[in-house]
Amino acid sequence: MSDARVPRERPLSPHLTVWRWHITMAASILHRVTGVGLYLGALIVAWWAVSLAAGPEAYDQFRGLIGSPLGKFVLFGMTVSFFYHLASGIRHSVWDLGHGLTIKSANALAVASFAFAIAATVAVWFIAFTTGAL
């Protein structure tokens with residue numbers, strides 16, 4: 001008789017392929033993604049501060065890169081991330097207070113978070129372009 005044990009297949013945990021996508025699920029994932037994006041965006045803010053302290057040549061180099069189409073694209077992404085993460089954080093605070101926990105109101109808060117992020121980003125970039133900031 002052999003003491004060798006045959007390993008049994010273990011069940012897999014549910015993942016994104018198992019669950020049906022819904023708006024609050026997408027909002028939760030996007031909240032995490034924008035948090036990581038803002039964390040990385042903080043490196044750009046630190047680079048701005050260091051280039052400002054390093055002198056005019058370093059600051060001009062920073063401005064040249066951040067003013068390029070790629071730099072503006074990154075800034076646009078940071079703006080969307082900031083406003084979505086802000087709105088989603090407020091949504092979480094509303095939930096922490098015990099409000100908006102029904103499916104209908106949770107979905108409405110998720111839609112409101114998306115709408116606020118889009119509207120605020122468009123407003124900021126419109127103001128930036130009309131005032132000549134970009």
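We did not get these values from a lab; they are worked out from the coordinates using the rules stated. Bear in mind that the values here come from a model prediction, so they are computed numbers and not experimental data. Ideal geometry is used to build each Cβ from the backbone, glycine not excepted, and the neighbour counts take in all protein chains shown.
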If Phe76 passes every condition in (1) in contact with a Phe, Trp or Tyr (Cβ under 9 Å, 6 or more places away or on another chain); (2) within 20 Å of Ile29 (Cα to Cα); (3) surrounded by 17 or more Cβ atoms within 10 Å (Cβ to Cβ) but one, which one does it miss? (3)
Failed condition for Val80, given (1) in contact with a helix residue (DSSP H, G or I) (Cβ under 6 Å, 6 or more places away or on another chain); (2) outside any helix (DSSP H, G or I); (3) hydrophobic (A, V, I, L, M, F, W, C): (2)
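Quick grid of which residues meet (1) under 22 Å from the mean Cα position of the chain (by Cα); (2) at positive phi; (3) surrounded by 14 or more Cβ atoms within 10 Å (Cβ to Cβ):
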site: Ala54; (1), (2), (3): no, no, no
site: Phe82; (1), (2), (3): yes, no, yes
site: His85; (1), (2), (3): yes, no, yes
site: His99; (1), (2), (3): no, no, no
site: Ala106; (1), (2), (3): yes, no, yes
site: Phe126; (1), (2), (3): yes, no, no
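Out of all the residues in region 26-38, is one or more closer than 22 Å to Ala133 by Cβ and not basic (Lys, Arg)? So that I can check it myself, show each step before the final result.
Keep residues of region 26-38 that are closer than 22 Å to Ala133 by Cβ, which gives 37-38.
Still in the running and not basic (Lys, Arg): 37-38.
Looking for residues that are closer than 22 Å to Ala133 by Cβ and not basic (Lys, Arg), one finds at least one in region 26-38, hence yes.
Determine whether Leu86 is part of a helix (DSSP H, G or I), without any contact (Cβ under 8 Å) to a residue 40 or more places away in the chain and not small (Gly, Ala, Ser). First the steps, then the outcome.
Details: part of a helix (DSSP H, G or I): yes; without any contact (Cβ under 8 Å) to a residue 40 or more places away in the chain: yes; not small (Gly, Ala, Ser): yes.
Yes; evaluated as a whole, the condition is true for this residue.
Being assigned to a helix (DSSP H, G or I), over 30 Å from Gly71 (Cα atoms) and β-branched (Val, Ile, Thr) is the requirement here; does Val94 meet it?
On the way: assigned to a helix (DSSP H, G or I): yes; over 30 Å from Gly71 (Cα atoms): yes; β-branched (Val, Ile, Thr): yes.
Taking the combined requirement at face value, the residue satisfies it.
Residue by residue, here is whether (1) in contact with a helix residue (DSSP H, G or I) (Cβ under 7 Å, 6 or more places away or on another chain); (2) of a type in the set (Gly, Ala, Ser) holds:
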| site | (1), (2) |
| --- | --- |
| Val94 | yes, no |
| Gly98 | no, yes |
| Thr102 | no, no |
| Val124 | yes, no |
